[in-house]
Structure formats: C-alpha cells, structure tokens
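The structure's right below; bear with me while I get my questions together.
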Amino acid sequence: MIVALSGSTGFIGQSITMKMKQLGWTVRVIDRESFNLPEAEFVEQKIEGADVIINLAGAPVSKKWTPLYKEEILNSRVFTTRRIAESINLAEKKPSLFLCASAIGIYDNVHIHSESSIKYAQTFLADVCRKWESEALKSDHSTRVVLFRLGVVLGGEGGALKKMRLPFSIGLGGKLGNGKQAVSFIHIDDLVEAILFTIENPVITGTVNAVAPFPSDNREFTDKLGKVLDQPAWFTVPSFALKMVFGEGAQVLLDGQKVIPEKLMQAGFRYKYPTLQNALVQIYR
C-alpha cells in the first residue's frame, strides 16, 4: 500500500505514519516544499501511483486570530487541498481514496449532529471548513473522497492535552468560560484505527464525524482530567480573558459541538476508548 500524506509532522500525521510503517506500507511525505514543485513534478512524485492520499495539512487554530493569521488558517487548508485535488485529476493512475481532514467546527453549537446534519455555524471556522471540503470534492469522480471532520484529539504526546497538562500540574486547571460548551473528542489511537478502517472499507464515503460516540462538555472534561491527574480543577478561565489572548480564535475554546459518529458506528467500527474516562485513564495511568 502506497500512501501519500500531507501534514506528516503534526500530532495526527506522526501517529498515522508510525502505524502505517509498522504495517509495512510506503508513506510518501507531501511537505510544504512539495507544494512549490511544478505541477507535472508534483503529480509524478507525490500523486501518481499512490493508492491513498491523506491530507492533514493546516495551520493550528489555537492561536490569536489576527487578520493575517486568519488568512493563513484558510489558505493553508484550501490551497493544499486544491493542489492535491487538481493533481489527482491529472494523474494517469489515480488513487482509490482521497481522505481529507476537516473539523466539527463546521456545525453549530446548538444541535446534536450526525453526518446528515446541515445545521452549520455562521463563523469563520465553519466557513473555512466549507471551503476546505469543497476543494476536496473537486477530485475526479473515480476517486473515493472521505472528509474526516475531526473533533478534539486526545493523546499524551500532542494535541489539546499536551497544552492543558501544565496548568493542571501547577494547580491552575479549570473550566473555560461557563464550562457548558460541548466537547466531542476522540483518542488518537481510535482516530488512527478509524482512518485505517476507512481505507479498508470502500462503503464509507463523504463526510465522517471522527469523534467518540459519547461527547462530553468542558465542565465534565475538566473535572475528569483533574481527577485522573490527581490535581485540583477549581480554577475558571473567564471568557473575556480567553478573548483577550486569542481574539476571535477564542471561539474554538468557548463554542463546542455535540457530534455523533453515525457512519463509523453503522459501518461496524469498534472504539477502544468510547468514553472520556476510558480515554483519559489510558493516557495518564
């Protein structure tokens, strides 16, 4: 199996690369420099002959959103996805699957969302997701396209928990804002296995909610994390403080989406860590 992977240096990219190499698969890295290659070279070196393309590229959203950085968030997703989709269309031997990351931030923070939901948010991040997904869907119809709408990815070596570990370790752990915002999460091991499961199951197409089946909220998340770490979690980070630090980007922390992975469950995918308690205990104990 030959897999071309964009975003290989990120938390998810490193984990999926390690797993695929353990399976004996060949991983072609599509790094930032690759996107500067002339069109014909990019197609030949990165796309042609690959069985699967996985696109995880994108600038982090957990930073202050200045106007300039908002452009980077958008362009780092839309440009890379457009380039890959166009190259798939030009390739003689096209991949059987183009799996492109997206985010559950496309959904509003009011309803409960399966993949059939069209209750989308009217936010910058939701707009980014719509444009991101639209570019992936421009791939040749002979290539299966799957849009992995990612929730909060949990693991000890990266993602949200790595950033949260320090304040909890010094007794400053606590909820964000009122703590009522939904937290739809997935353990990194389950995410890697869900990607492999999707590669091997051609019936899975279109949008896929890449989350665990039992969403939480920020208050519960904070409480359980504090207990697993044996640290107090009484502190509250007020909304205004988050907005001062992150600007408009605070919406990532203060707006949550309650999301159900209907497609994965219906296809028979089995989670190792379906609950928040399962996930946190595995990571920290």
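We did not get these values from a lab; they are worked out from the coordinates using the rules stated. Keep in mind it's a predicted model, so treat the numbers as computed, not measured. Heads up, the Cβs are rebuilt from the backbone with ideal geometry, glycines too, and the neighbour counts pull from every protein chain shown.
Please list, or write none, the aspartates and glutamates whose alpha carbon is within less than 12 Å of the alpha carbon of Lys119, excluding same-chain residues fewer than 8 places away.
Cross-link targets: Asp108.
Positive end of the charge dipole of the chain (Lys, Arg +1 and Asp, Glu -1 on Cβ, about the Cα centre): tell me which of Leu280, Asn36, Gly155 has its Cα farthest that way.
Leu280
Measure off 7 Å from each Cα along the Cα-to-Cβ vector at Lys93 and Lys21, then give the distance between these two points in nanometres to one decimal.
Rounded to a tenth, the inter-label distance reads 2.4 nm.
Could you size up the charge dipole of segment 52-152 around its Cα centre, putting +1 on the beta carbon of Lys and Arg and -1 on that of Asp and Glu, and report it in debye to the nearest 20? Let's see the in-between values first.
Working: 14 positive and 10 negative charges, 24 e Å.
In total the dipole reaches around 120 debye.
Could you list which residues have their amide H under 5 Å from that of Ser114, counting only those 5 or more apart in sequence or on another chain, with H placed in the peptide plane?
Answer set, sorted by chain and number: Ile260.
Placing unit charges on C-beta atoms (Lys and Arg positive, Asp and Glu negative, everything else neutral), compute the dipole magnitude of segment 190-285 about its Cα centre in debye, rounded to 20. Kindly include the intermediate steps, with their values, before the conclusion.
On the way: 9 positive and 10 negative charges, 34 e Å.
Using only the charged Cβ atoms, the result is roughly 160 debye.
Relative contact order for segment 184-285: what is it in percent, counting Cα pairs under 8 Å that are at least 6 residues apart?
Values: 90 pairs, mean separation 48.4, N = 102.
Value for segment 184-285: 47 percent.
Do the sum for the chain: with -39,500 (n - 2.57) for every DSSP H run of n ≥ 4, divided by all residues, what is the mean residue ellipticity at 222 nm, to the nearest 500 deg cm²/dmol?
Details: 11 runs with 115 residues, N = 285.
Helices in the chain give a 222 nm mean residue ellipticity of -12000 deg cm²/dmol.
For segment 117-225, rounded, prolate or oblate, judged on the Cα gyration tensor with a ≥ b ≥ c (square roots of eigenvalues), a/c < 1.5 rounded, else prolate if a/b > b/c? Each step should come with its number before you reach the end.
Working: a/c = 2.56, a/b = 1.76, b/c = 1.45.
Prolate, because a/c is 1.5 or more and a/b exceeds b/c.
As an exercise, identify the chymotrypsin sites (Phe, Trp or Tyr not before Pro) in segment 176-276 lying in DSSP coil whose Cβ has no more than 14 other Cβ atoms within 10 Å. Intermediate values should be presented prior to the final figure.
On the way: sites: Phe185, Phe197, Phe221, Trp234, Phe235, Phe240, Phe246, Phe269, Tyr271; in loops: Trp234, Phe269, Tyr271.
Counting only loop positions with at most 14 other Cβ atoms within 10 Å, the chymotrypsin sites (Phe, Trp or Tyr not before Pro) in segment 176-276 are Trp234.
Cβ under 14 Å from Leu225's Cβ, Leu225 left aside: what net charge do those residues give with Lys, Arg +1 and Asp, Glu -1? All intermediate terms of the calculation are to be shown ahead of the outcome.
Values: positive: Lys162, Lys163, Arg165, Lys175, Arg219, Lys224, Lys227, Arg285; negative: Asp217, Glu220, Asp223, Asp230.
Residues near Leu225 contribute +4 overall.
Nearest 5 is fine: what % of DSSP beta bridges in the chain come out antiparallel, could you say?
Values: 5 of 38 bridges.
Restricted to the chain, the bridges split so that about 15 percent are antiparallel.
Can you spot the lysines whose alpha carbon is less than 24 Å from Lys46's alpha carbon? Ignore those fewer than 8 places along the same chain.
In chain and number order, the partners are Lys19, Lys21, Lys93, Lys94, Lys131, Lys138.
Are there any helices in the chain, counted as whole DSSP H runs, that stretch 15 Å or more along their axis by Cα and score at least 0.5 on average by Kyte-Doolittle, and if so which? Show your work: numbers first, answer last.
Values: long enough: 11-22 (17 Å, -0.09); 67-90 (34 Å, -0.30); 124-136 (19 Å, -0.28); 159-169 (17 Å, -0.09); 188-200 (18 Å, 1.17); 218-229 (16 Å, -0.78).
Within the chain the helices that satisfy the rule are 188-200.
Let me have the relative contact order for the chain, percent, based on Cα pairs under 8 Å that are six or more residues apart. Don't skip to the end; give the middle numbers.
On the way: 543 pairs, mean separation 56.5, N = 285.
It comes to 20 percent, rounded to a whole number.
With a Förster radius of 30 Å, plug the Cβ-Cβ distance of Arg285 and Lys63 into 1/(1 + (r/R0)^6) and report the FRET value to the nearest 0.05. Numbers along the way, then the final one.
Numbers: r = 31 Å, r/R0 = 1.03.
Given R0 = 30 Å and the Cβ-Cβ separation, E is 0.45.
Size of the dipole of the chain about the Cα centre, Lys and Arg at +1 and Asp and Glu at -1 on the beta carbon, nothing else charged, in debye to 20? Let's see the in-between values first.
Numbers: 33 positive and 29 negative charges, 158 e Å.
Its charge dipole is roughly 760 debye.
A follow-up question, please. Set Lys and Arg Cβ to +1 and Asp and Glu Cβ to -1, take the dipole of the chain about its Cα centre, and tell me which of Ser142, Thr198, Leu242 lies farthest positive.
Of the options given, the answer is Leu242.
If you don't mind, there's one more thing I want to ask. Please list the equivalent ellipsoid semi-axes of the chain, computed as the square roots of five times the alpha-carbon gyration tensor eigenvalues, in descending order and whole angstrom.
Working: eigenvalues 204, 84, 63 Å².
Each semi-axis is √(5λ); the values are 32, 21, 18 Å.
For segment 214-285, what class follows from the C-alpha gyration tensor (a ≥ b ≥ c being the square roots of its eigenvalues): rounded when a/c is under 1.5, otherwise prolate if a/b is larger than b/c, else oblate?
Working: a/c = 3.24, a/b = 1.38, b/c = 2.35.
Oblate, because a/c is 1.5 or more while a/b does not exceed b/c.
Turning to a different aspect of this structure: Just rank Trp65, Trp25, Trp132, fewest to most, by other beta-carbon atoms within 10 angstrom. If you can, show how the numbers build up before the last one.
Working: Trp65 19, Trp25 16, Trp132 24.
Final ranking by Cβ density, sparse to dense: Trp25, Trp65, Trp132.
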